[in-house]
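First up is the structure itself, then whatever we jot down about it.
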Amino acid sequence: MTKWQKKTPLEWLTYVNKDVEVLAAEKHKYQGWVLTVDPVSANILLAHPLENGKMSISAVLGHAVQDVEILTEADDEMKEKLAHLFRPEERQRFSQEELERKKTSLKDWLETNHIPVKEQGESQTTLCVAGVLTIDPPYRPEDCSSSNEIILSRVQGLIQGYLALQQCQI
């Protein structure tokens, strides 16, 4: 077990949001911003800013880490970038009336195409397709969930087609 692997999660936490240089086995060096350290394996997840504004992510396996040197601390802007790296984009805000209109329109379209759909939940905001798939507001393909991947894929495709049709009518 390496010195790095023997550290505690609280010690690893001090490396988060820091620009570090990691010396790994066979004299390999890695540099980047520490996103997290896995508390079980001691793997380090590093983010590298690219020229196009995006981030490249790499992992250094915990058993290979020999030394970690902190180069700089993240400023507020970098901390914000790192914190939002894996979060979905902010969803557009819709009024209750808009959501109701979207739900009714999608439900009517699904029923017109002979797809069984009903409203469910306390506030009746979730659409349930054939009892095996749910569609939550704002009723986009990515708002579908089901344990049946085939049905999930097909309904998401239908909703994409429906939304494309809606765009053409605008």
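The values are calculated or read from the model by the stated rules, or taken from the named source; none is laboratory data. Because the structure is a prediction, the values reported are computed rather than measured. Cβ coordinates were reconstructed from backbone atoms using ideal geometry, including for glycine residues, and neighbour counts include every protein chain displayed. Areas reflect the complete protein model, heavy atoms only, side chains present, ligands, DNA and RNA absent. Shrake-Rupley method; radii C 1.70, N 1.55, O 1.52, S 1.80 Å.
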Test result for residue 151, β-branched (Val, Ile, Thr) and touching a Leu at 6+ places or on another chain (Cβ under 7 Å): yes
Qualifying residue in the stretch 36-43 (condition: free of Cβ contacts under 8 Å to residues at least 24 places away in the same chain, open to solvent by 60 Å² or more (accessible area, probe 1.4 Å), assigned to a strand (DSSP E or B) and β-branched (Val, Ile, Thr)): yes
Complete set of residues in the stretch 1-13 that are polar (S, T, N, Q) and either open to solvent by 40 Å² or more (accessible area, probe 1.4 Å) or out of contact with any strand residue (DSSP E or B) (no Cβ under 9 Å at 6 or more places or on another chain) (or both): 5, 8
Extreme residue, nearest to residue 74 (Cα to Cα), among residues of the stretch 14-35 that are in contact with a strand residue (DSSP E or B) (Cβ under 8 Å, 6 or more places away or on another chain) and open to solvent by 80 Å² or more (accessible area, probe 1.4 Å): 31
Condition check for residue 58: touching a residue at least 12 places away in the same chain (Cβ under 8 Å), assigned to a loop (DSSP other than H, G, I, E, B) and under 25 Å from the mean Cα position of the chain (by Cα): no
Residue within the stretch 46-54 that is open to solvent by less than 90 Å² (accessible area, probe 1.4 Å) and modelled with pLDDT of 95 or more present: yes
